[in-house]
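Taking it in order: structure first as structure tokens, then the write-up.
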Amino acid sequence: MKLLQALADGSVVAKRNLIKIKRVPDLLVFSTAAPIMFVLLFAYVFGGSIEIPGMDYREFLMAGIFAQTVLFGATITGSGLAEDITKGIIDRFRSLPMARSAVLIGRTTSDLVNNALVIVIMMITGLIVGWRIHSSPLEALAAVGILLLFAYAFSWAMAWIGLLVRSPEVFNNASFIFIFPITYIANTFVQSERLPSVLRHIAEWNPVSAVTLAARELFGNTSPLQTPPDVWPLQHPVLASLGWVVIFLLIFVPLANYQYKRAVAR
């Protein structure tokens, strides 16, 4: 019963956040501007110097851009919560007869919807620059589903950090310091085997690498000429991605809820 109440209250909070995007469309515009810029830069500036055996670099690139995009989209959760605490909006929620977890459920759900909209825009951008899907519609939908599941799980980690630092400015600095390494020390933009030894091992076990490769395989953007991976997460990227989703949720859902209780009790 409590779970159903939390979900119902969370849907109300999610609606509130989505209305904010409707009223302030700049939020959606700027969340897609950076990924589009990355597509254009890597496709037309760096793409000519990066060779991928058996395929065009633009098709290799897009799965990495998708993974990076949903990670940056998940940071909206943390910055939004930090901003709500700073402005006292959380205190207003406390005065309402609603479940405490509804605020976190609503925030992560609304940001999941935002990420879905951004992915659609990025797919259109990819098609314009030459990216193509070479798999079935169901496999393509599965790729999008894995990206969104990972983004949702990652948003709970961002929620915990946002509640921990309680300042939007501090959160933005902290999240970028963390996100840039995990998106670049991976197979997002280059093949992991081309990285130096230590970085290659980090990239092979990086959850972003598993998610990126899962999306590539499900979109059909791989080539038999590429070197087969020799580590389990990249040999079974779909299972590894789902495993990372479960791990993130098991760790950060309780942590975020605990930190939320501490934050509102101050």
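When the Kirkwood hydrodynamic radius is evaluated over all pairs of different C-alpha atoms of region 142-210, what value in angstrom, to one decimal, is obtained?
13.4 Å
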query: Of TYR260, TYR184, TYR44, TYR152, which has the most accessible area and how do the rest follow, probe 1.4 Å?
result: TYR44, TYR184, TYR152, TYR260
task: Sort region 93-203 into rounded, prolate or oblate with this rule: let a ≥ b ≥ c be the square roots of the eigenvalues of the Cα gyration tensor; rounded if a/c is under 1.5, and if a/c is not under 1.5, prolate when a/b is larger than b/c, oblate otherwise.
output: oblate
- prompt: How would you order 74-81, 252-259, 166-173 from highest to lowest mean count of nearby Cβ atoms within 10 Å?
  reply: 74-81, 252-259, 166-173
query: Classify region 170-221: rounded, prolate or oblate, from the alpha-carbon gyration tensor (a ≥ b ≥ c, eigenvalue square roots; a/c under 1.5 rounded; otherwise prolate if a/b is larger than b/c)?
result: oblate
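When ranked by the protection proxy of mean other Cβ atoms within 10 Å per residue, highest first, what sequence do the peptides 61-70, 217-226 form?
61-70, 217-226
The values are calculated or read from the model by the stated rules, or taken from the named source; none is laboratory data. Computed from a predicted model, the values in this text were never measured in an experiment. So basically every Cβ, Gly included, is an ideal-geometry build from the backbone, and we count neighbours across all protein chains shown. When the accessible area is computed, the model is the full protein with side chains, heavy atoms only, and any ligands, DNA or RNA have been set aside. Shrake-Rupley method; radii C 1.70, N 1.55, O 1.52, S 1.80 Å.
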